[in-house]
Amino acid sequence: MLGQLLATPGVQERCSLGSSFGFLALHGGLEAGTAEIAQAAAAASNASIYAVVQPDDMRWHIPSHALDPAESELFVAFLEHVDVAGSVHGFGGLRGDDDRWITSLLGGSNRRLAARLAALLGEALPGDAGVDAHGRIRAP
C-alpha cells in the first residue's frame with residue numbers, strides 16, 4: 001500500500017539522515033501537525049526523519065503497521081540508518097470558535113522512551129506548549 005500512496009499525485013516522501021535517532025511522520029498532512037512537529041524536532045536535534053505527507057485534499061489513512069518499508073528505498077535507507085525511531089501522530093480541531101489546537105502523540109511500544117522524549121521536548125518547546133508523561137504534546 002505504501003507504493004500506491006507514494007505514487008499518488010501530490011504525496012511527498014521526505015527523508016533526511018542525521019543522528020541514529022529518527023522521527024517517523026507516516027501520516028503527515030492526514031494528522032494535523034504530524035510532519036511539522038517531527039520535522040522541527042528532527043532539525044532541532046539533528047535527528048533523522050522519514051515522512052509521508054499527503055496534500056490537504058487527501059485523507060487516505062493506512063495504519064502504520066500496514067506500510068511495508070520494502071516499497072520505498074528512502075524508508076529502507078532511514079531504517080538502516082537509525083537505531084531507534086519515534087513515531088509522531090497528530091490530530092487537531094477547533095476549541096471554542098476561533099482557537100486552533102493541535103496535539104501530537106509520540107507513538108510506539110517503548111513508553112519509557114516516549115516519556116523521556118516528551119520531557120525533553122517539553123523543555124525545548126516554546127511558550128505554552130505542554131508535554132505529558134505519555135508523550136502528548138499540546139501546541140500553544
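The values are calculated or read from the model by the stated rules, or taken from the named source; none is laboratory data. Bear in mind the structure is a predicted one, so any value in this text is a computation, not a measurement. Cβ placement follows ideal geometry from the backbone for every residue including glycine, while neighbour counts extend to all protein chains displayed. Note: accessible area is taken over every heavy atom of the protein model, side chains too, but ligands, DNA and RNA are not part of it. Shrake-Rupley method; radii C 1.70, N 1.55, O 1.52, S 1.80 Å.
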Hey, could you check the stretch 70-82 for residues that are within 16 Å of the chain's Cα centre (by Cα) and not aliphatic (A, V, I, L, M) and say which is farthest from Ala42 (Cα to Cα)? Phe75
When the stretch 29-41 is examined, which residues are found to be open to solvent by 40 Å² or more (accessible area, probe 1.4 Å) and not acidic (Asp, Glu)? Ile37, Gln39, Ala40
Mind listing just one residue for me: the one in the stretch 54-87 that is hydroxyl-bearing (Ser, Thr, Tyr) and in contact (Cβ under 8 Å) with a residue 60 or more places away in the chain and, of those, farthest from Leu5 (Cα to Cα)? Ser87
Please specify each residue of the stretch 16-28 satisfying the condition of being surrounded by fewer than 18 Cβ atoms within 10 Å (Cβ to Cβ) and under 20 Å from Glu71 (Cβ atoms). Ser16, Leu17
Of the residues Ala51, Ala40, Ala32, Ala44, only one is out of contact with any helix residue (DSSP H, G or I) (no Cβ under 8 Å at 6 or more places or on another chain), touching a residue at least 12 places away in the same chain (Cβ under 8 Å) and of a type in the set (Gly, Ala, Ser); which? Ala32
Would you call Ala44 out of contact with any Cys (no Cβ under 7 Å at 6 or more places or on another chain), of a type in the set (A, V, I, L, M) and surrounded by fewer than 23 Cβ atoms within 10 Å (Cβ to Cβ)? yes
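Let's see how each residue does on (1) of a type in the set (D, E, K, R); (2) open to solvent by 80 Å² or more (accessible area, probe 1.4 Å); (3) at pLDDT 90 or above; (4) out of contact with any Pro (no Cβ under 8 Å at 6 or more places or on another chain):
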site	(1), (2), (3), (4)
Val11	no, no, yes, no
Ser48	no, no, yes, yes
His61	no, yes, yes, yes
His65	no, yes, no, yes
